[in-house]
1. Round to the nearest 10 and give me the degree value, 0 to 90, for the angle of helix 209-231's Cα axis relative to the longest principal axis of the chain.
2. Multiply the residue separation of K51 and C7 by 0.36 nm, subtract the distance between their alpha-carbon atoms, and state the gained length in nm to one decimal.
3. Determine the distance separating the Cα centre of region 183-217 from the Cα centre of region 90-151; give it in Å without decimals.
4. For region 26-155, give the percent of accessible area contributed by carbon and sulfur heavy atoms, probe 1.4 Å, rounded to a whole number.
5. Just from its helices, what would the mean residue ellipticity at 222 nm be for the chain, if runs of 4 or more DSSP H residues each count -39500 (n - 2.57) and the sum is divided by every residue, rounded to the nearest 500 deg cm²/dmol?
6. Hey, rough spin-label estimate for Q368 and M183, points 7 angstrom out along Cα→Cβ, what's it come to in nanometres?
7. Relative to the first principal axis of the alpha-carbon coordinates of the chain, what is the inclination of helix 183-201, with its axis defined by its Cα atoms, in degrees from 0 to 90 and to the nearest 10?
8. Is the shape of region 49-142 best called rounded, prolate or oblate, per the rule: a/c under 1.5 gives rounded, else a/b larger than b/c gives prolate, else oblate, with a ≥ b ≥ c the square roots of the Cα gyration tensor eigenvalues?
Amino acid sequence: MDNFQYCNPVKIVFGQGQIAQLSKLIPTGTKVLLTYGGGSIFKNNVYNQVKQALAGYDVVEFGGIEPNPQYSTLMKAVEIVKKEGIGFLLAVGGGSTLDGTKFISVASCYSGADPWDIVEHQAPTEGGIPLASVITLPATGSEMNNLAVISRSEQDKKLPFSSPFIFPQFSIIDPSVTFSLPMRQVANGIVDTFVHVMEQYMTRSYDAPLQDRQSEALILALIDEAPKVFAHPDDYTVRANLFWMATWALNGWLNVGTIQCWATHMIGHELTAQTGTDHGRTLALVLPALWQHQRKEKGDKLVQFGKRIWGITGDDRDQIIDETIAATKRFFESVGIKATRTEYGVTDEVCRAVAKMIGDRGKLGDRQNIGEKEVYDILQLCDL
């Protein structure tokens, strides 16, 4: 293993009825900005629970954060934070709402000329407004990490950033609120969880057996639980298991002392920016093609994954890799995601635009060997 430092300060408050704990978690006398998205929290009663728990607090509301949170929208919230003297941010909704709130936190304390530099140029952050979340969608894992992804549609950009100031102080996870989610979103979250693990696992071989086995355990559990949520959508235990898997997939524990890839996500982000396709579906489109393109570089891990996860046997390395990729596609299809370029409007023009956008920034992958040409070639390998 490589040298590493690891710290995760996020307090998780997990289970039914836990939204009521808000009044014990946010300091009294604090002026709170309540952020949310398009209004789903009004339909699933989460908003009412939050407001009841915050009775007695001075609360300002900011809604309308998009599924791919837009820089222009978030900057309006930054103005409110400064004008109103907000002392605490509470994101209520899915990972996009939380990601946007993370940006609001550090942008509100940024002294530079353009807060977008935090995202595009990884400008150092100087502090952040304390934040927390009531998370309602198992997918991004944003509730237990210091990462966020922000979009700027006028520039066709969707980019990640990190900061030590954007760990939530706490995240409340009540799996019962996911009962109202459309199954399309549930499926997207399952794929997002799967690929989060793979970006940390499917790299060049490392002598890190614990990290490998932890990743494999999470994937095996996900494969077991995923079909249950479609067969028994009202089963609380299944919902709880899927939510905890999504959180665990990206809390930093799986990759300590190892290298990561994230090429699938970077390509997927740009496809979303170009076509508006759901994030989970772009991942399902790109991952098998990227594995095919990188089969030599990732071969050892692909073989290990195929044998340990999919139970593939034999000694023919190429055949094992082929079957591993095919089995992964079948898993995505089993949750209702059959990803094809045609279905998502990924034309050759889009492929070239995505490849150039990424190529202009540098190289991707754990070997830094995926540039403009390679991104284009990977997209050409996606199913039509």
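1. 80
2. On the way: separation 44, 0.36 × 44 = 15.84 nm, distance 3.17 nm.
Roughly 12.7 nm would be gained on extension.
3. Their Cα centres are 23 Å away from one another.
4. 50
5. It comes out at -14500 deg cm²/dmol, rounded to the nearest 500.
6. Going by the 7 Å Cα→Cβ label model, 4.6 nm.
7. 70
8. Values: a/c = 1.97, a/b = 1.31, b/c = 1.51.
In terms of gyration-tensor shape, oblate.
The values are calculated or read from the model by the stated rules, or taken from the named source; none is laboratory data. Since the structure is predicted, the reported quantities are computational estimates derived from the model, not experimental observations. When we count neighbours, we look across all protein chains shown, and the Cβ atoms used for this are built from the backbone with ideal geometry, even at glycine. Ligands, DNA and RNA are excluded from the accessible area calculation, which covers all protein heavy atoms including side chains. Shrake-Rupley method; radii C 1.70, N 1.55, O 1.52, S 1.80 Å.
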